[in-house]
Structures are given as C-alpha cells and as structure tokens.
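Undergrad: First the structure, then my questions, so here it is.
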Amino acid sequence: MRRILIILATLLVSTAMFAGTLIVSGDSNIGNGIDGSFGAPMPADNGLFFTNILGTGTKVVQQNGYSSGSTGLAENAIFNLYNSLAGVSITAVSSSFTATDLAGANLFISILPETGYTTSQLAAMGSFLGGGGTLFLIGENADTEFTAINGYLNTALTTLGSGMAINPAMLDCGSLRAATGGQIANQPLNAGVSSFDYSCASGVTGGTALYYASDGTSFVAFQSIPEPASLFLYGSGLLILASAIRRRMRR
C-alpha cells in the first residue's frame, strides 16, 4: 500500500501541466545592461536574457512606473530592445492598463509601479499567466523611495498565489557590476548568458533562482504557474491520497 501511495504522489507531481511563467527581479538596473546606459559595463548579455524570456513570442506589453535616473534609462533600453527585434511588437501602457491591453500578448513587463494594482488588474494578470503568458515584475533596492513600489509588487505576488517575494535589501551597491560564473544559474532562461549587469538589488525569495548577488543571495528568480485544470486535478489527487492514508491508519 505504501508503495502505491508513493507512486500516486509521484505521478501527480510529474503530470502537472504548466501554463505561464512568473519572473521577479529585485533590481531595475538589469535593463541598463542591454545598451550600457548609466555606465553599465559592456559587453553584457542582458539583452540576450530579455530575448530568452520572450522565447518564440511576438507581442510584448510594458508598463513603466518610477523613471528617474538609471531606472528611466533601463525602461527605455528594454523597450528599444523588443522594438528592434524582427517580427516583435511592443506596446507601452499606463498604470490604468486593462485585460484588453494584455489580450494576445506573450510577455507583460511591469517595472516599478507607482500605484498598487487594482482588483481587476490582478485578475487580468492571473488570467494572463493562466493562458500561458510570461509576467515579469521588476522592483528595486531597499531605499525608502522604493518601499511602496516593492510593497505593490509583493501584494501582487501574494494575490497571484506565488511563493516568491521581494526581500528589500541593498545588495552590491555602488557602480554597476557584472554577474558571472556561479552568479548565473544554469537555467534555460539564461541560455548563452555569461555576463549579466546589475546594481544595488533587493533579494528575491522563493521560486527558482536565475541570478545571484556576490553574497549568494538570489535577486532574480522565476516560477512556473500550473494550468487551472492541472491545479484541480492535483488537488483532487491529493484528496484521494489523503483519504487512502486515513483509511490505512484506521486499519
């Protein structure tokens, strides 16, 4: 009986179907590494990373928020990268974006939102992920000017049911620097990336790490989001498993 229960649990996990991908960054300066803006060390492979997360997609939606200094340059670099890719279209939206704005998109990037997401926007983001889209939420370091912004992002992550969160910190502050070697996780989203620029980041807890600060703290991570139907089947399977265990214990 115990062997059967183990096999059932393994099958439930291995057969889960995944829809979208949720990515979180504790640093917006990763955009500067695309074009070397704000003194980012070059050459760097940040542009390749942003291309990887789009994959075979052709439509990007970008919501810019706080845009002072290096962050504004980073937002422009990200937009210009996608705008330069053949066959790819990118649309800029304001803080009042709707589900209609995300319709047909493959990648939605929200950078340093200056207002919290509304209930309808959170529902739209959830549907976007459930439909197979990639959602990239970008926050910043623990400076007080970013406290509310990181809070908005963490509220969204909690509402979306993610286990990830931005953990405000001041990692590797000073001039922009490049993550290399062991600071770059061996993940498909990092394919071809050998140098990744960043600066003064917050950590990201939960998910699967993509990039690490010099002290080993993850500051960019991702999570695959199960399809709604898969979640139902998984939950049903767990109930069956729990029921079998209870019957076993009664005997």
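Undergrad: How many percent of Cα pairs in region 70-219 exceed 28 Å?
TA: Values: 2227 of 11175 pairs.
Pairs farther apart than 28 Å: 20 percent.
Undergrad: Quick check: Cα centre of region 35-64 to Cα centre of region 77-96, how many Å?
TA: 10 Å
Undergrad: Hey, another quick one. With the convex hull built on the Cα atoms of region 31-113, state its orientation-averaged projected area in nm². Don't jump to the answer; show the numbers that get you there.
TA: On the way: hull surface 20.9 nm².
Averaging across all directions leaves 5.2 nm² for the Cα convex hull.
Undergrad: Hey, another quick one. Region 127-187: D in µm²/s via Stokes-Einstein (Kirkwood Rh, Cα pairs, 20 °C, 1.002 mPa s)? Let's see the in-between values first.
TA: Details: Rh = 13.9 Å.
D = 154 µm²/s.
Undergrad: What order, most packed first, do the peptides 40-48, 194-202, 100-108, 79-87 have when packing is the mean number of other Cβ atoms within 10 Å of each residue? Before the final figure, lay out each step's value.
TA: Details: 40-48: 20.4, 194-202: 23.6, 100-108: 18.1, 79-87: 14.6.
So the peptides 40-48, 194-202, 100-108, 79-87, ranked by packing, come out 194-202, 40-48, 100-108, 79-87.
Undergrad: As a test of reading the structure, rank Ser214, Ser89 by solvent-accessible area (1.4 Å probe, protein chains only), most first. Working shown, then result.
TA: Details: Ser214 80, Ser89 60 Å².
Most to least solvent-accessible, the answer reads Ser214, Ser89.
The values are calculated or read from the model by the stated rules, or taken from the named source; none is laboratory data. What you see is a predicted model; the values in this text were computed from it and never measured. Cβ sites come from the backbone with ideal geometry, for glycine too, and all protein chains shown count toward neighbours. Areas reflect the complete protein model, heavy atoms only, side chains present, ligands, DNA and RNA absent. Shrake-Rupley method; radii C 1.70, N 1.55, O 1.52, S 1.80 Å.
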